[in-house]
Every structure is written in C-alpha cells, then in structure tokens.
Amino acid sequence: MAPKSKKGGTATDKKKRLSKLERLKQQQEEEEKKLQEEEEARLKAEQEAAEKLERKRAEKRKWQVLVEKDLQRRTDELEELYILEKCFSEAEKWKKEVRVLSKWEHYVECDGTPDPSVAQDMNTFISLWKEKGNEDIDDVMKESKLVLNLIGKLQLILLDTPSYELTDEQVAQYQGSILELRELLHLKFNEATETLLKEASSLVDTDSGNLAKIIKDENITLYVWANLKKNPKYKRLKFGDTEVGFEIPKALATSDTAIRIFHTNYDHISPLPVIRRPEKAAVVETVIEDSAEKETPQDEEVPQAGPEEVTGNQEMAASAVPATEIKTEESTINLQKSTTSLKEEAEAKKEETETKSLKVESLSVVPVATLPEKLSDAVAEAVVDEDAVDLKGFMPLGGIYHLNILQLPPQCKQIKGWTIVELISGGLQNFVYPPEITDDAPETESSYPPIEFIIEINKNVVFFEKPMVARWDAEGKSWRTDGFVKLFYNLKERIVSFSLESVYPVTLIQDIHIHMPYESWELRPLNLNEAVLNITTTFTDIDIQIKDNQCMLAAVELGDDYDLSHLLGKWMTLTSLIIAMKETGLNVFPSEYSHAYVAVNNKDPLVEMKSYRQMALLASAFSFSWSKWNKQSGSAVVFKASELLNKEYVGDKEWSLYMFNGERAQKLKINEYSEAFSEELQEDTEFHSTLYHMIKDFTSEDALKKIRNTNYLFIDTVCKLLLSVRVLTYS
C-alpha cells in the first residue's frame, strides 16, 4: 500500500499533479518562445523589407542617375552617330557614280556589244541575231556567252539599283529584255541542233552506225543521239565515258528519231522574281530630344573617291553631306520611331527640359528582301496542288535538263561534189510520243512504255539532302513532281535516273531554307577594312570574307567530292556573291518569305537594322558573335562582343554580353554560362543611347584609331552582308 502524504494524498497523486503542472509550464514556455520567434521573424521581415525598399530606392536613384546621364549625352551621341552613319549615304552615292561611269565606259569602248540598259540597243541586237541564219553549234555557243552576260547584267541592274531609282517602265523593259534573250537563246540552240542533225550521217559512230555526240562548254552540255540505222538492239545508250544516257522503247528505236539531253547550268524556265516597287517614297528620319533649340549645320558635300582614296570614316564625316530626307521604299518598315522613353522615366526631375527635332539620316536604302517588318503580311500562299513546287520554299539547283525526242531531219547527200539537203519548213520538229490514239489506229498503252533517262549532277553544285526531281509544266507555268514512273538516286556517284511517259524539261529541287536557322555565327576582323563572317549550319561551316567593298567565299566544309573552283577564293560584289552561292546550294540568305518556313527569333526590325549598322562601324576592331540569350530577350537583341586586334580569335572568357533595344544599349552582368537570363547591368557600367557608344566605353585607343580609319565602303558592305544573312533573327 502506497504511503500517504502529510496532506493525506498519495505519492502517485502528487507526481501526477506535478507532471500536469510541468506540462502546463512547458506549454506556456513554448507559447512564449513561439511568440518571441514570431516577433523576431516579424522584426526581421520588417528589417528585410526596409532594407529591400532601401535597396530598391538606391537602385532607383542609381538608375535615375544613369537615366539622367544618358539624357544629358543622348543628343550628342545621336548627333555623332548621325555623322558616322553618313558613310552609308556616301557609299550609295559612290555606287551610283560607279553605275554611271560604267555606262560611260561602255559607250567609249564602242566594242559592238549592246548596252543592256538601253532598249534600242537590245532591240537591235535581238533583231540582228534573229535574222542571222545557218549558224552551227560552235557559233551559237560563242554567241551564248554574250547573251548570258547581258542577262546577268540586267539581273544585277534590277538587284543592285535602289528601286526608287527605277521607274515601272524601266523594270518592265529590263525584264522584257531578259525574257526575249532567254527565248532567242533557246531558239538558236534548237536551230544549231537541227543543223547538227542534218549532218548526222557524216558524223556517225563506226560501231553503231548512229550519231552520239557530246558538245560542252562552261554554260551548257549538249548530248545528241541520231537514230540512223533504226536497229532495235540499240535501245540503251550512255554518252562517252559519262553516266548520262537513256533507254528507249522499240517504237522509238525503229523510227526516224533523235534524242537530245540539253543541260544548261542556268535556269531560263522558272518565272522571273517579282520586283516590288513603292507607290510613293517614304521619308526616313529620327527625332532626337534635347534641351536646346538649334538648327543642324549644313555641311559641304564630299567629293567621291574610290576605296584607296578614303583616309577614314571620321575624316570623311568632317565634310559630310547635308542632312537630307532619305527616300526609301514605302513597303519598308516605318522608321519614325520615338526616342522619348528614357525622358519619360526621368520626367519628374526633368520637367524643365525642352525638346527640339533634328533630322537625321538614320538609314540608307536597303533591299526589300532584307527588311523584316513587312514580312508579317508576306506569308507564303498555301500551295493547293501538292505536286506543284512552291518556289518560295524550294528552288531549282544544278541547272535544267531539257529532254527532247526529235524528228530526224533529212540527211545531207553528196552528189557530184554537191551537198544536197531537203529543206523542211518549221525548223526542228518534236517527235510526238506517245502518239495520239485514234479509232482508226487503236494502240494499247503497253505499246508505248515509259522512257528511262539517266543524268549526272555536276560537281559544282551541292545537295545536302536527297533532291526532289521535278518536271516543267508549260501549261501551268510551274515545276511539278508528278509524272515520274520510277526514280532512283545514287548520290555517291551523283547519278539520278527516272522514267517518263513523255518528255519535259527536268530539274532537281532543293529546300531553300536547308541551312536555316543557323547554329551559330561570328563576325571577326582580320585587318583594317577586312573581316570574315563565319556561319555554322546543320550541314556545314561557311566563311565569307569582306575586303573594302568586295566579298568572297573564303572556305566551306564539304570534302573532296565537289569542285567549287568557280566560287571559292573569287572576289566579287556582294550581290554577285549572293547569286553565285545560291546557285551552288549554299543559300544562307533569307528571302521576304523565309519567316513562314523557318523558326525565327522575332526581333524588332528597326532594332535589328540599327544593330547591323553600328556593328559594321566597329567591325574593323571588334568581333561579334552569337549568344544563346538572344532567343530569350524579346524584341531586343543580345550578342557577344570583344575587342580583337592582335589575336586571331577571342577566348571563351573574353567575351562580354550586350543587349540593345534600339533606344538603349547596355552591358549585361550574365555571361553565356549563366543559369538564367537577366537584364541586370554589369557592375560599374552605364547604358548608352547607341550600341556604338556603349561598346566604345570598353575600347582601347588603338582600336578607336582603327575604327576611325575604316573605309566607308567596307562599313557599308559589312552592313549589307549582315542584312542579307540576318544573323540576329535566323540563328
């Protein structure tokens, strides 16, 4: 029995009472501790909130100071940029003078060749050549070089001349001349083929008794076979040591027929591109805010000079042309962009600031195809017919293979020293195959099986994927992929074979955007007025070198299976280089419809254009490169930049990231290896109204000297190349 306490309770009851008191006391202590912790947390939160508010206020004050500093120097920076960017209008004037001078030089030379821009000269040339008869294939091939040269000049006129300098009548005249020359050239090759076939009996192969001949130059290759013996065992033929050939059915092997495979390295079948012209010229100007009202001084005009006579961009700007309103296409983007957003941020402290307008030549004329904003309404139309080739997304590559079954003309006969030939009106006649089936002479389809052709792909064109084979539909004026019975590819041997129930012009089709979007890019200076643009795509690595106002394809990774000697290492104008690279299969030049076929970074078009122009100003001393953060920066652009003078490449840790939204440029705190994108400024840096002045803060004296001495034609060419490739949108 448990002992009793003095008060009469047991020890167990006392322990229970004590335990209950302890629990209550412990509970009270815990509540007090919790209240204390909550109070401490509240005080800490209030302190942190106060510190955070103070930091925000400090950051806001710091930001306001930066805004005010930018506002104070904004006008000066934009005025300086305006003077520097006069190099673009100077380049346009220089190119216009070159065009005028070339016309004068052609007139003075008086070498008998027509001026393609003069309608009377072209009409006379075309009429005289039409009247000329009895030309053999050698004569036509010789004359074809002149014709192709004239067509090339007309195409360059249409592409190189700013559209506001061309009237609708001139555009129609040049395109009409191109179409006439195309048609006449093909007609002359038909006449020369007819002349060759009339002499087939004197050029026969001793083994087969038939004519099999290859005629070739740098522009065309003509394969001709004349069926003189009509021996059905000669149904399959390969021309010489090539793989080009055909297999014909018995109905053709026993007929008076000839087979012609006429391969042209040019495309004179596809429709001409539409030249978009503005109804009315638009005025390009930028409004600059400032606290003082004053007129922009009118400078004297600069005398024109070639690249070797230009001492430097700054020296040229000292005597720059007047501030004029630049006229450009109405179809281009609206370049009247407000520059007052920074002022609004500091409006509370800068109420007394007055404004003035300063007309600035902010942009030179740029080709329509390089301007992105108008593209939103230029989405490629849906192709209803699946077999029709969409020429906005695909292009013929490697030339055209004209396949013909011809009626063999009467052969020349030698009688008593005389050469006698029966003349047939109508010229070269096509052999209708399969013949029209009538009730009088019913035939089964099996009597006229398909004809098999084998063609070779030239080594001077590059297909990165298996090409489509298309035939020309003369009625629908389009390339089509139907009508082929069999298709066989041997891309290693560069051979394509196919069967057709009838004959058509045939071509190989490649995706225009096969290299887009690019994986990366880098613009790197080499020497004064010399730089290289490297573009890495899914399939290859391309280096385009710029020197003064010339460009060349410096390197491309392809292997030894191709012969690009016509293009690699050849200096030419930018327009000529673009045409040549496209025709080779190295198309890294977006069109006005490309955004509908490629996933792009949607950038503000004005921001993109300003970036290219200011990057070009710095291209002699700075290297620029792709950044992964460009995709996450909205309408602003983000790229890497670093000064590069005495080294070949920029080290990975030497790059800095810059962001530009058209009105503000800043150096970012993040780098390429950061975990997330942030617009936070790099410590101890400011922002500027222009990209040029932002980067100038981190430029050495040697680099500045190099930038000042840069040739204005080099700057213009770099800018046009960047606009043509559009690395900030298509990478």
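Cα-based radius of gyration for region 575-697, normalised by 2.2 N^0.38 Å, reads 1.16. No solvent, one uniform scatterer per C-alpha: report log10 I(q)/I(0) for region 49-202 via the Debye equation at q = 0.12 1/Å, two decimals. Once normalised to I(0) and log-transformed, intensities are -0.71.
Among 236, 524, the order by Cβ neighbours within 10 angstrom, fewest to most, reads 236, 524. Checking the Cα-Cα distances for 640/667; 153/216; 213/233 against a 21 Å cut-off, the pairs over it are 153/216. Tell me whether region 165-216 comes out rounded, prolate or oblate; compute the Cα gyration tensor, take square roots of the eigenvalues as a ≥ b ≥ c, and use a/c under 1.5 as the rounded threshold. Taking the square roots of the gyration eigenvalues as a ≥ b ≥ c, region 165-216 is prolate.
Scalar couplings 3J(HN,Hα) for region 641-655, obtained by applying the Karplus form with A = 6.51, B = -1.76, C = 1.60 to θ = phi - 60°, are 8, 7, 5, 9, 10, 10, 10, 7, 9, 8, x, 4, 8, 8, 6 Hz; x denotes Gly and Pro. Taking the fewest neighbouring Cβ atoms within 10 Å as the starting point, the ordered list for 104, 655 is 104, 655. Normalised by residue number, the volume inside the convex hull of the Cα atoms of region 102-174 is 98 Å³ per residue. Listed by Cβ neighbour count within 10 Å, with the fewest neighbours leading, 121, 168 appear as 168, 121. When each of the peptides 585-595, 628-638, 23-33 is scored by the mean number of other C-beta atoms lying within 10 Å of its residues, the order from highest to lowest reads 585-595, 628-638, 23-33.
With 30 Å as the limit on Cα-Cα distance, the pairs of 69/647; 477/582; 547/696; 250/413; 631/653 that go past it are 69/647.
Globularity index of region 442-580 is 1.41 (Cα radius of gyration / 2.2 N^0.38 Å, N = number of residues).
Ordering of 141-154, 704-717, 497-510 by packing is 704-717, 497-510, 141-154, highest average first (other Cβ atoms within 10 Å, averaged per residue).
Divided by 2.2 N^0.38 Å, where N counts the residues, the Cα radius of gyration of region 35-122 comes to 2.80. Each peptide among 408-418, 534-544, 601-611 gets the average number of other Cβ atoms lying within 10 Å of its residues, and from highest to lowest they stand as 601-611, 534-544, 408-418.
Rounded to the nearest 20 debye, the dipole magnitude of region 389-546 is 580 debye, with +1 charges on Lys and Arg beta carbons, -1 on Asp and Glu beta carbons, and the Cα centre as origin.
Computed from the coordinates by the stated procedures, all read-outs in this text should not be read as laboratory data. As the structure is a computational prediction, the values presented were derived from the model and not from experiment. Note: ideal-geometry Cβ built from the backbone for every residue, glycine included; neighbour counts use all protein chains shown.
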